[in-house]
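Down below is the structure, laid out as structure tokens.
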Amino acid sequence: MRKLALAISLVVTGTAIPTVQADTVYTGDRVQGVPVISQLDIADLEPGKMHRFMFQGATDGIGQFFYVPVIVAKGAQPGTKLVFNSGNHGDEVNGIRAVQKIMDGIDPARLSGSVVAVPGTNPNAINRITREWTTYNSGGTSTNFNRLFPGKENGTGPEQHAWLLWNKLWQGNVEYAFDFHSQATGHDSPFFIYADYRDPRIERIAELFPVDQIKKDPGEKGSLETTFVENSIPAITLELGPPRGFNTDMVDRAVEGARNVMINLKMIEGKIGRTAITMDAFVGDKTTMIRAEQGGYNEPLVAPGDQVKKGQIVARQLNMFGDTIKEYTAPVDGKVLSIGSDAAREPRATLVRLMTQSPDA
Ligand SMILES: [Zn+2]
């Protein structure tokens, strides 16, 4: 498409001056002192420097913009283009802290390539500490923002916001993508990664993180990870344990993994730290969800990362008198990938999620 446009311009004008396809577009506004952009093209940013922007997203019900903070480390030398993203789900704050600390550790003067960091894509949900983007059209809707990519130009607010991020922030600026999440409110897990192992580049970047577990996964339609993968850009989703508060161990391991990736891709110099190999991470390809069959308090009997045996009692529900009303056993041998950590559990709520490895995989 771009080559064609250039060819046409050559025919018409007879000059070799290429048509400018993208630029960083400054709106002229500033938000809290930070310049607002409606489009990013890292090619025109000054090399060897750190840049901060507010990216202009969709509008709310009174016509004001949702702003997304963006930090760009533009290396002094050319190289690979990475994006570290976070905050698609508003209650998953470990990813936001990880992205901030990754950028703190980068010296653009010693960087080859570029790193685009987004500490929070979804201001609607982040400000409410909710997983979903809430609208009030037709009395209110709740939308999983991480199933809307690549978005819709003329869609709902969150669909437009996803479209703007995809087309105006990422497009042309990304060769590898890392989307940081954690568990949703009421859940807990170890540090794990969803990775599509059908692409060996994805396997390589996943195993550079010092995680506890890796789920080989074909992806989820509309997620940021899968949308990148469908566009031939290697991407992984990282799950940094519990939601709502900063967990230093999870955050620091995410930062260490990001540094390993930059060393491996020859963007910075240094020695690879801990990886999935040194953590002896469990790699599985199948999960089994044990859900509450009725409502009731959940007494946790296993912890994230535990190895359980088929037939072992892994969860127990209590009524308000403290009587056991239901016990749940593991249907297979497996590793505990996540648990429902809130006591009150409605029917169908997660109690325990197990991961296993197929014998032939
Ligand atoms: Zn999430």
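The values are calculated or read from the model by the stated rules, or taken from the named source; none is laboratory data. Keep in mind it's a predicted model, so treat the numbers as computed, not measured. Every residue, glycine among them, receives a Cβ derived from its backbone with ideal geometry; neighbour counts consider all protein chains shown.
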- Item | Condition met for Phe321 (of a type in the set (Phe, Trp, Tyr) and buried (at least 20 other Cβ atoms within 10 Å of the Cβ)) | no
- Task: State whether one or more residues within segment 227-240 are farther than 18 Å from Ala258 by Cα, within 15 Å of the ligand (Cβ to nearest atom) and not aromatic (Phe, Trp, Tyr).
- Result: yes
- Selection over segment 108-143 where residues are free of Cβ contacts under 8 Å to residues at least 40 places away in the same chain, out of contact with any helix residue (DSSP H, G or I) (no Cβ under 9 Å at 6 or more places or on another chain) and either assigned to a loop (DSSP other than H, G, I, E, B) or not assigned by TED's automatic domain parsing to the domain that holds Trp166 (or both) yields a count of 3
- Message: Residue pairs, Cβ under 7 Å, 6 or more apart or interchain, first in segment 40-60 and within 12 Å of Pro78 (Cα to Cα), second among the small types (Gly, Ala, Ser) and assigned to a strand (DSSP E or B). List them.
- Response: Ile42/Ser114
- Message: Checking the structure you have, find out if any residue of segment 162-175 is of a type in the set (Asp, Glu), in a loop (DSSP other than H, G, I, E, B) and away from the ligand (no atom under 16 Å from the Cβ).
- Response: yes
- Restricting the first residue to segment 167-184 and requiring it to be under 29 Å from Leu337 (Cα atoms), which pairs with a second residue that is within 16 Å of the ligand (Cβ to nearest atom) and of a type in the set (Ser, Thr, Tyr) meet a Cβ separation below 7 Å and a spacing of at least six or different chains? Asp179/Thr237; Phe180/Ser86; His181/Thr237; Gln183/Ser189; Gln183/Ser338
- Task: Could you tell me which of the residues Pro359, Pro300 is in contact with a Ser or Thr (Cβ under 8 Å, 6 or more places away or on another chain), farther than 15 Å from Phe191 by Cβ and modelled with pLDDT under 95?
- Result: Pro300
- Can you tell me which residue in segment 259-308 is nearest to Val336 (Cα to Cα), limited to those that are part of a loop (DSSP other than H, G, I, E, B) and of a type in the set (Asp, Glu)? Asp306
- Task: Filter segment 296-311 for residues that are farther than 24 Å from Asp280 by Cα and loosely packed, with under 15 Cβ neighbours inside 10 Å and give the result.
- Result: Glu299, Gly311
- Within segment 260-296, residues being within 17 Å of the chain's Cα centre (by Cα) and not β-branched (Val, Ile, Thr) number 0
- Message: If I ask for residues that are more than 16 Å from the ligand (Cβ to nearest atom) and among the small types (Gly, Ala, Ser), which ones from segment 63-114 would you list?
- Response: Gly63, Ala73, Gly75, Ala76, Gly79, Gly105, Ala109, Ser112, Gly113, Ser114
- Task: For segment 186-196, name all the residues that are within 12 Å of the ligand (Cβ to nearest atom) and either of a type in the set (Gly, Ala, Ser) or modelled with pLDDT under 95 (or both).
- Result: Ser189
